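The values are calculated or read from the model by the stated rules, or taken from the named source; none is laboratory data. Worth saying up front: this structure is predicted, and the values here are computed from it rather than measured. Every residue, glycine among them, receives a Cβ derived from its backbone with ideal geometry; neighbour counts consider all protein chains shown. Quick note on the areas: whole protein, heavy atoms, side chains included, nothing else; ligands and nucleic acids left out. Shrake-Rupley method; radii C 1.70, N 1.55, O 1.52, S 1.80 Å.
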Amino acid sequence: MRWIGGTALALALSAGAALAWGQEAAKPSAPLPFPKPSAEALQFFESKVRPVLVQQCGACHGEKSARGGLRLDLYAALLKGGESGPAIQPGDPDKSPLIQVLRYDGPVKMPPQGKLRAQQIEDLTAWVRMGAPWPEEKGKGQDAARGHAAPSGPHWAFQPVKPPAIPAFPKAKALVRNPIDAFIRQQLTSKGIQPAPRATKRELIRRLYFDLIGLPPAAEEVDRFTADTDPLAYEKLVDQLLARPQFGERWGRHWLDVVRYGQTNGYERDDEKMHSWRYRDYVIQSFNADKPYDQFLKEQLAGDELDTVTDHSLIATGFYRIGVWDDEPDDAKQAEFDNLDDVLSTATQAMLGLTVGCARCHDHKFDPVSQEEYYGLLSFMRNVRRYANVDPAKDRDPAIFHKLTDGTETLAVKETGTAPLKTTILIRGNAATPGPEVQPRFLSALRGGKPWLPELPPSGTNGKTTGRRRVLAEWIASRENPLTARVMVNRVWSHLFGRGLVESANDFGRNGEKPTHPELLDHLAGRFSGAWSIKSLIRQIVTSETYRQSSRTANPKGVATDPGNTLLWRQNLRRLQAEAIRDSILATSGKLNLAMGGRGIFPKLPPEVLSTQSRPGSGWDQNLSEVVRSRRSVYVFVKWTLGVRFLEVFDATTPDSSVAKRPTPTIAPQALVMLNSAFMDEQSEAFAVRLLKEAGPDLDQQVQRAFRVALGRQPTAREAQVGRDYITRQLQLVSPGPSPEPAQRKALAAFCKVVLNLNEFVYVD
């Protein structure tokens, strides 16, 4: 991560390329048009696309009936098409006959009994646009339908957690600080790879700050840490950061990604869900308080059914309300089950790492989860009242809100009553074709294939609900559940290393990736499920030598043997997430407002963006002060149909579905938004004002201070010279005025923008 320097500086500005993303990373070879689908893409297919193909198309274009020679249950058959040719052209919905007939664009209209809902058509269109991801089909070539193939042995993730013996390295104590290092070192030794040396103290403090609180360290904090000779200085810094309130904001955002947090309903009107922000604040406060993870899960699933019901536990059940909601469904009964499926699918992905939602229409294609088991799990939630829209000026719907002890309200879950509603299997997932009745049950795969029936409370035990959600919550949060601890440990690991021990963090099933270090995963899961402390888990990981390694690649053996660094012979170089980039810019400019909580903030959006809504400008408060808008990005209002371009271009999540790991592609708009957006103009100007105040009029002092504030280090002699020369040239281009101060500020602001665009500013080493 180096200053781009010399004439390249001016070229970068004029060409719009100051953000030199690929400088430190190996250049990838030309990608295939549609590479192997990601876990998120496959989950989108299974949850949004396959159900429509099965329910709406399967009767005429399935295994038993292929009218017109077209089958839509196999990928190869879909590409081959029927008598009229291929059904889709991956990547181009407008040239895909399937999408055309679904839109009713021509003489052929499918399905003939009535047009699909707008959201279903949009989902299928988005699927084709992303390359029509489809899970690999196994069996007799690509034309074979998948079924439950006999597994070669028990699936690793369904087995009980059994903490293994810790490998011994008595002669390498410097490289084996805790058990994590022992497990990592064991595999490296077997491959003959030496681990990378420890990162510098400056690199470590920046890494810790960004990973734990999502903000850069102040220059003075870097100075103190690098000069501290206390052998426990690093461990003390870790404890200080874990105790800061900004920790919950950083790590709470990770959880909000997983549970697809949103503050509006979606669809055309996209109205606000009143008080949904309380759930976000609950998550942040829970991480800050180091709430035991098992309690954290129980409160979200059944906070109103616990022995002690608190304001916090009621707010936690907002988990049931933060998803998309159609206020004008074509089929109210189908919409009810769509909502229940959204909650169940999200809960099982987030907490168990399983794609249980794939069994809604048929037995799971990969994992031993039957359709009967899917509806058995759904029956725990069957009594939950469907969300309903409310007018803030009128009486609150008791199905939506709970009163808190201070007299305010919160969005929360409520049930229809104490008598459990009947739950049946829905044939092909269609609410209009109910099948046999089912009773609550757990997943037999997690009990060696044996039926797993719960003990249910007597009806009306608590006088308000069935009490069944608590049974489900206690099963998920149990130490005996082999998935819960493993899944959360893997999520934490992924955020600290850029990839998980299991790369498919939302899918621990047979279609997911195998763990790179299964013994280490079970060791950490066993320890974690003792006290369920997320902070203790993070502390154990970040104090390991493995985490403290440099990210440098000067290791020929490591590069040749393990180019993807799956064995962790070095730390991974990682780009900051969208929120951390925006927050770091605000912190560097001196404008960051650390106020916590509340409804949220609304960054400025140009009129052309606001006009994209069905009701332009609706639901986006443009009247906030600059101070309020400068709060941390976790508080940006999350509206389904309207996003903040600066965050979107750096891959901030949308609330469409659970996101285990954000993508980090390098695209041209990232450089453009960093160079040309109004936000960057404002912050560069503010940064220049800060430098003038702290460094005075001397150019050399301004350059020195800019590097210290933005990067936590002094510039090299070459960097300092380039900076001074650039500011001088900018001064010559600025029109002189009655006072030299505006010209100095403009010239310095141009330099500040370049500094904020450096690789070193947006990457964690």
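Suppose we keep only residues that are free of Cβ contacts under 8 Å to residues at least 60 places away in the same chain and of a type in the set (Ser, Thr, Tyr) within the stretch 46-100. Which one would you say is least open to solvent (accessible area, probe 1.4 Å)?
Ser96
Cβ-Cβ below 6 Å, separation at least six or inter-chain, first residue in the stretch 704-725 and modelled with pLDDT of 95 or more, second open to solvent by 60 Å² or more (accessible area, probe 1.4 Å) and assigned to a helix (DSSP H, G or I): which pairs?
Pairs found: Arg705/Glu694.
Going through the stretch 361-374 one residue at a time, which ones are under 21 Å from Leu453 (Cβ atoms) and in contact with a helix residue (DSSP H, G or I) (Cβ under 6 Å, 6 or more places away or on another chain)?
Within the stretch 361-374, Asp363, His364, Pro368, Val369, Gln371, Tyr374 qualify.
Just one of the numbered conditions (1) of a type in the set (Asp, Glu); (2) open to solvent by 20 Å² or more (accessible area, probe 1.4 Å); (3) at pLDDT 95 or above is not true of Asp391; which one?
Going through (1) of a type in the set (Asp, Glu); (2) open to solvent by 20 Å² or more (accessible area, probe 1.4 Å); (3) at pLDDT 95 or above one by one, Asp391 breaks only (3).
Please list, ordered by first then second residue, the pairs with beta carbon atoms under 7 Å, 6 or more apart or interchain, first in the stretch 179-201 and of a type in the set (Asp, Glu), second open to solvent by less than 40 Å² (accessible area, probe 1.4 Å).
So the pair list comes out as Asp181/Ser544; Asp181/Glu545; Asp181/Thr546.
Please name all residue pairs, on different chains or six or more residues apart, with Cβ atoms under 6 Å, provided the first residue is in the stretch 470-485 and is in a helix (DSSP H, G or I) and the second residue is open to solvent by 20 Å² or more (accessible area, probe 1.4 Å).
Val471/Pro454; Ala473/Lys298
Select from the stretch 264-279 the residues that are farther than 15 Å from Leu642 by Cβ and in contact with a Ser or Thr (Cβ under 9 Å, 6 or more places away or on another chain) and list them in ascending order.
Selection gives His275, Ser276, Arg278, Tyr279.
Can you tell me which residue is modelled with the lowest pLDDT among those in the stretch 415-437 that are in a loop (DSSP other than H, G, I, E, B) and surrounded by 20 or more Cβ atoms within 10 Å (Cβ to Cβ)?
Pro420
Could you tell me which numbered condition Leu456 fails, if it satisfies all but one of (1) crowded, with 18+ Cβ neighbours inside 10 Å; (2) part of a loop (DSSP other than H, G, I, E, B)?
(1) is the only condition that Leu456 fails.
If I filter the stretch 694-715 for residues that are among the aliphatic types (A, V, I, L, M) and farther than 21 Å from Arg202 by Cβ, do I get at least one hit?
yes
Applying the selection to the stretch 339-383, what residues are free of Cβ contacts under 8 Å to residues at least 40 places away in the same chain, part of a helix (DSSP H, G or I) and more than 22 Å from the chain's Cα centre (by Cα)?
Matches in the stretch 339-383: Ala359, Tyr374.
Out of all the residues in the stretch 686-697, is one or more part of a helix (DSSP H, G or I), surrounded by fewer than 19 Cβ atoms within 10 Å (Cβ to Cβ) and without any contact (Cβ under 8 Å) to a residue 40 or more places away in the chain?
yes
Considering (1) in a loop (DSSP other than H, G, I, E, B); (2) open to solvent by less than 30 Å² (accessible area, probe 1.4 Å); (3) modelled with pLDDT of 95 or more, say which one Gly512 fails and leave the rest.
Only one criterion in (1) in a loop (DSSP other than H, G, I, E, B); (2) open to solvent by less than 30 Å² (accessible area, probe 1.4 Å); (3) modelled with pLDDT of 95 or more is unmet by Gly512, namely (3).
If the requirement is being more than 30 Å from Arg321 (Cβ to Cβ) and touching a Gly at 6+ places or on another chain (Cβ under 7 Å), which of these qualifies: Arg718, Arg729, Arg708?
Arg718
Tell me which residues, restricted to the stretch 135-167, are modelled with pLDDT of 85 or more, under 30 Å from Ser444 (Cβ atoms) and in a loop (DSSP other than H, G, I, E, B).
Pro154, His155, Gln159, Pro160, Val161, Lys162, Pro163, Pro164
If the requirement is being under 19 Å from the mean Cα position of the chain (by Cα) and touching a residue at least 40 places away in the same chain (Cβ under 8 Å), which of these qualifies: Asp294, Asp304, Asp311, Asp281?
Asp281
So how many residues does the stretch 524-536 have that are over 25 Å from Leu237 (Cβ atoms) and surrounded by 17 or more Cβ atoms within 10 Å (Cβ to Cβ)?
Residues meeting the conditions: 3.
Starting from the stretch 592-613, take each residue that is β-branched (Val, Ile, Thr) and list its partners that are at pLDDT 95 or above, counting only C-beta distances under 7 angstrom and pairs at least six apart or across chains.
Partner pairs satisfying both residue conditions: Ile601/Val628; Ile601/Arg629; Ile601/Arg631; Ile601/Tyr635; Ile601/Val636; Ile601/Phe637.
What's the number of the condition Arg250 fails, among (1) touching a helix residue (DSSP H, G or I) at 6+ places or on another chain (Cβ under 8 Å); (2) farther than 18 Å from Ile585 by Cβ; (3) basic (Lys, Arg)?
(2)
Only one of Ala227, Ala199, Ala182 is modelled with pLDDT of 95 or more and surrounded by fewer than 16 Cβ atoms within 10 Å (Cβ to Cβ). Can you tell me which?
Just one listed residue meets the conditions, Ala227.
Pull up the stretch 93-108, narrow it to residues that are at pLDDT below 85 and charged (D, E, K, R), then point me to the one that is nearest to Val49 (Cα to Cα).
Among those that are at pLDDT below 85 and charged (D, E, K, R), it is Lys95.
Quick check: is even one residue across the stretch 344-352 among the hydrophobic types (A, V, I, L, M, F, W, C), closer than 22 Å to Val659 by Cβ, open to solvent by 10 Å² or more (accessible area, probe 1.4 Å) and at pLDDT 95 or above?
No, because not a single residue in the stretch 344-352 is among the hydrophobic types (A, V, I, L, M, F, W, C), closer than 22 Å to Val659 by Cβ, open to solvent by 10 Å² or more (accessible area, probe 1.4 Å) and at pLDDT 95 or above.
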